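S.K.: Quick one: the structure is below, questions incoming.
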Amino acid sequence: MTTLRLATRESPLALWQSEHVAARLRAAHPGLVVELVPMSTRGDRILDQSLATIGGKGLFLKELEVAMLEGIADAAVHSLKDVPMELDGPFALAAVLERDDPFDAFVSPRYCSLDDLPHGARVGSSSLRRQAQLRACRRDLHIADLRGNVGTRLRKLDDGHYDAIVLACAGLQRLGLESRIRQRLTAPAWLPAVAQGAIAIECRADDTATQALCAALEHAPTRRCVDAERAMNRHLHGSCQVPVAGYAVLDGDRLHLQGLVGDADSGEQVRADAHGDAGDPQALGRQVAQHLLARGADALLARLASR
């Protein structure tokens, strides 16, 4: 009997995602034993600083990758938006599952939408991408950092520390908290994080047995979309320190990719979009990145890097 061990973060959302992957793997491979290996990561432990200042979302992966290298786990389950554009070491994305709701959610106990917020309202988010788009929509808002898992963020909101917060729709939906969504912030006015809403399975690149098991969960249309988004981000050298957003939609054999680079302090934005062949999502990602750079994102990125 084959056993597959999945490394996962310990947050309720991460555990839900890993249990979801485990159930899908068991269904695809009758008789397969799937075990979770919950772990705490540095990104989960350091909550008093923004991700941008402590090294970015890659901090959610390191301990899980070490577990795979040491033979404690065979694979790891991630929110793909947290996975760096280039994987360090001998790792590969064995599967990308079908994407859930990719958009952000406006959450507030009192106000129905972003436009309903009173002048100077306090909105919580530690995402520079979200902060940049909030600033572009409402220059009057007071935007404050907000870290922690979904439950922690909602408690801080309900305790009155914020008038509203912005979270991922998919995370709320997966935890049975969809009723907390007051407004979905959707494209083209509001763009999500690259690969938001998609779950990925990472394993060692030389572990062909694990890759073969995980391949049953691969969703090719989602992979094409997130490959375009990630290629754009990679070409921009995007990270947590840079407010980059991207969203691709597949229509037959064509992809449409929208991209954005913003400034969390000024609200300045540079946007671009293009259509391309779904068979070459990497080329489309590079094309949109080049459009963004040509329209002024290069100067914006240089200014952000100098801060």
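S.K.: Dipole of the chain, Cα-centred, from +1 at each Lys and Arg C-beta and -1 at each Asp and Glu C-beta, to the nearest 20 debye?
M.R.: Values: 36 positive and 39 negative charges, 144 e Å.
Magnitude of the dipole: close to 700 debye.
S.K.: Sorted by average packing, counted as other Cβ atoms within 10 angstrom per residue and highest first, what order do 223-230, 176-183 take?
M.R.: Numbers: 223-230: 26.2, 176-183: 15.0.
Those peptides, ordered most packed to least, come out 223-230, 176-183.
S.K.: Next up: Keeping all protein chains in place and using 1.4 angstrom, which order do Ile72, Ile165, Ile143 fall into by accessible surface area, from largest down?
M.R.: Values: Ile72 80, Ile165 0, Ile143 25 Å².
The most accessible residue leads, giving Ile72, Ile143, Ile165.
S.K.: Please compute the per residue accessible area over the chain with all protein chains in place, 1.4 Å probe, rounded to a whole number of Å².
M.R.: Details: 12870 Å² over 307 residues.
Result: 42 Å² per residue.
S.K.: In what order, largest first, do Asp273, Asp104 sit by accessible area if the probe radius is 1.4 Å? If you can, show how the numbers build up before the last one.
M.R.: On the way: Asp273 75, Asp104 0 Å².
I get Asp273, Asp104, largest accessible area first.
S.K.: How big is the range 54-140 on each of its three principal axes, counting only the C-alpha atoms and giving the largest first in Å?
M.R.: That gives 53, 30, 21 Å along the principal axes, largest extent first.
S.K.: Could you tell me the extents of the range 110-250's C-alpha atoms along the three principal axes, largest first, rounded to whole Å?
M.R.: 55, 32, 26
S.K.: Please compute the length gained on full extension between Leu69 and Asp159, using 0.36 nm multiplied by the number of residues separating them and subtracting their Cα-Cα distance. Before the final figure, lay out each step's value.
M.R.: Details: separation 90, 0.36 × 90 = 32.40 nm, distance 4.19 nm.
Extra length available between Leu69 and Asp159 comes to 28.2 nm.
S.K.: Which of these, Val123, Val244, Val150, has the largest mean-square fluctuation under a Gaussian network model of the chain (Cα springs below 10 Å)?
M.R.: Maximum among the listed residues: Val150.
S.K.: In addition: At a 1.4 Å probe radius, which order do Asp265, Asp207 fall into by accessible area, largest first? All intermediate terms of the calculation are to be shown ahead of the outcome.
M.R.: Numbers: Asp265 100, Asp207 20 Å².
Listed by decreasing accessible area, they come as Asp265, Asp207.
S.K.: Carbon-plus-sulfur fraction of the accessible area of the chain, 1.4 Å probe, in percent? Please report the intermediate quantities before stating the final value.
M.R.: Numbers: 6340 of 12870 Å².
Roughly 49 percent, rounded to a whole number.
S.K.: Using Cα-Cα distances under 8 Å and only pairs 6 or more residues apart, what relative contact order does the chain have, in percent? List each step's numbers first, then the result.
M.R.: Working: 656 pairs, mean separation 62.7, N = 307.
In percent, rounded to a whole number, it is 20.
S.K.: Over the Cα atoms of the range 92-180, Rg to Rh with Kirkwood Rh, two decimal places?
M.R.: On the way: Rg = 13.8 Å, Rh = 13.8 Å.
Rg/Rh: 1.00.
S.K.: Sticking with this one: With an 8 Å Cα cut-off and a minimum separation of 6 or more residues, compute the relative contact order for the range 219-307 in percent.
M.R.: Working: 158 pairs, mean separation 26.3, N = 89.
Computed value for the range 219-307: 30 percent relative contact order.
The values are calculated or read from the model by the stated rules, or taken from the named source; none is laboratory data. Because the structure is predicted, anything quoted here is derived from the model rather than measured. When we count neighbours, we look across all protein chains shown, and the Cβ atoms used for this are built from the backbone with ideal geometry, even at glycine. With ligands, DNA and RNA removed, areas are computed over all heavy atoms of the protein, side chains included. Shrake-Rupley method; radii C 1.70, N 1.55, O 1.52, S 1.80 Å.
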